[in-house]
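A short worksheet on the structure shown next.
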Amino acid sequence: MAGRARTLAQVYRHFGEADAARTSPLYARVALALGESEEALRAVEAAPARRRNPEAILAALHDLALAGRAPALAAAYAAADRDAAADAAIDTLVRMTDHVVAAATRRQPKPDETGRGAVLYPAVAEAARRAGAHAVGLIDVGCSAGLNLTVDRADIRYGNGQSLGDPSSPVRLSASVVGDRPLPTRAMPEVVARIGIDADPADVTDADDARWLRACVPPDRPERMAGLEAEMTLAAASPPLLLRGDAIELMPDAFARVPADALPVVTTTWALSRYPLDSRLRFLHRLDEAAADRPVAWVSAEGVGVAPAIPTLGDRRASGHSIIGLALFEGAALRAEAVGRCWSQGRLLAWLAES
C-alpha cells in the first residue's frame, strides 16, 4: 500500500484498538477489519480527506443498514456478530462506495447529546434565579438535533437521591454526584423559546435526519439507542427552531427570537472546543453585545480553559473533566463563575456554587 494508505490504516487501527474498544466492541472489530483491507481503504480514500475518519464512514455504513440498503450488514449488526459485521462492512463499503462516500460527505457525525440535561438543568435554574427571571428562552449553540432544548421536560435523577424536572417524562436521565454539596433543587421557570444553532442541524421530525442520528450510535449500544429514541420523541412533540449556519454570526438572530420579558440562556456543551480562540472570544463578545438591552445568561459545560471568562479553579487543561460555567451579563457587568465540575459528558458531577 502507498504511504497515505498506510497512514489511513493506522487511523482505523488506533480507532479500533483505543477509541471503540472502550465503548463498542462491535465497532472495534469492524474498524480493525477495514484498516486491514486494502480494498476497503481504497474505497475510503474516495471520500474527501476530512470525511475519511472512522466515525464518518461507520455512521454512513450504519445509515445504509438502517435504510434497508445493506441487509447483510443490518443482520450482522442486529445479531451483534462481530466477525460477520466486519465482513459485511467491507463488502458493503467496496460494493457501495459511492453511496457510503456520499453519506459521509453530506452529513457530519453527530455527538451523543443524550444525558446532558443532568448538568444543564440545575445551572439554567440557577441562572434564572440570579437574574430574577420568571421565564427563559433557551439558545443551544452546536445543538446538533436540539435535544438539550428539552431539558426542562426530562425526569432527572441523581445518585444522592435528589431529582429535578418532570417525573412523568418518558426521558429519564441519571447522574452520580460527588462531593458533599447538594444540587440546587429549584425548578426551572417556564421555557418560552427553544432555539438551536448548528452548522448541520438534524430535524427529529425529518425521517432522513432522524435515521442519521440513529446511525451515529453504535449498533451494540442499545441503552444509548433507547435514550436517543426517547429524547427524539420528546423533541418531536414540540420541535425547536433550528438555525443552520455559523453560530457566532447567527446569535443576534437567535436573541431576537426570545420574547423581551424572558431571560435568554445560551447553552454550550462541549461545543466551543471546535472553535479557535479568536472565535470563542467573538462568541463572548456576542453575549456582551446582546446584554446591552437586557440581561443574558450563558451556561457551559466545556473542557478546562475552553470557555472564555469562566474560571478554571486552578485545574489543568486536558485533566479529564470539564467545568460547568455560569455567566450573567447585565449591561456592562459580567459575573462569571465555575459552579461545578463534571465527568463523562455530565454523567458524574460535583456542584460547587453556593445556592
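None of the figures in this text is laboratory data; all of them are computed from the coordinates on show. Treat the numbers as computed from the prediction; the structure is a model and nothing was measured. When we count neighbours, we look across all protein chains shown, and the Cβ atoms used for this are built from the backbone with ideal geometry, even at glycine.
Quick notes on this one:
- Net dipole in debye of the chain [+1 Lys, Arg Cβ; -1 Asp, Glu Cβ; about Cα centre; nearest 20]: 540
- Put in order of Cβ neighbour count within 10 Å, fewest first, the listed residues Leu149, Leu334 become Leu334, Leu149.
- Based on alpha carbons, the Rg and Dmax found for region 94-223 are 17.5, 60 Å.
- Within region 1-125: Cβ-based charge dipole about Cα centre, in debye rounded to nearest 20 (Lys, Arg +1; Asp, Glu -1): 420
- Exposed trypsin sites (Lys or Arg not before Pro) absent: longest stretch of the chain, with sites in DSSP loops and at most 12 other Cβ within 10 Å deemed exposed: 1-315
- Degrees between helix 222-237 axis and first principal axis of the chain (Cα, 0 to 90, nearest 10): 50
- Of all DSSP-defined beta bridges confined to the chain, some 45% are antiparallel rather than parallel.
- Extension gain, Ala135 to Ala256, is 42.0 nm, computed as 0.36 nm per intervening residue step minus the present C-alpha separation.
- Size descriptors for the chain: radius of gyration and Dmax over Cα atoms are 21.2, 64 Å.
- Extreme residue, positive dipole direction of region 3-106, given options Ala49, Ala72, Tyr12 (C-beta unit charges): Ala49
- Seen through its C-alpha gyration tensor, with square-root eigenvalues sorted a ≥ b ≥ c, region 3-106 comes out oblate because a/c lies at 1.5 or above while a/b is not bigger than b/c.
- Panel order for Val94, Val304, by other beta carbons found within 10 Å of each beta carbon, from fewest to most: Val94, Val304.
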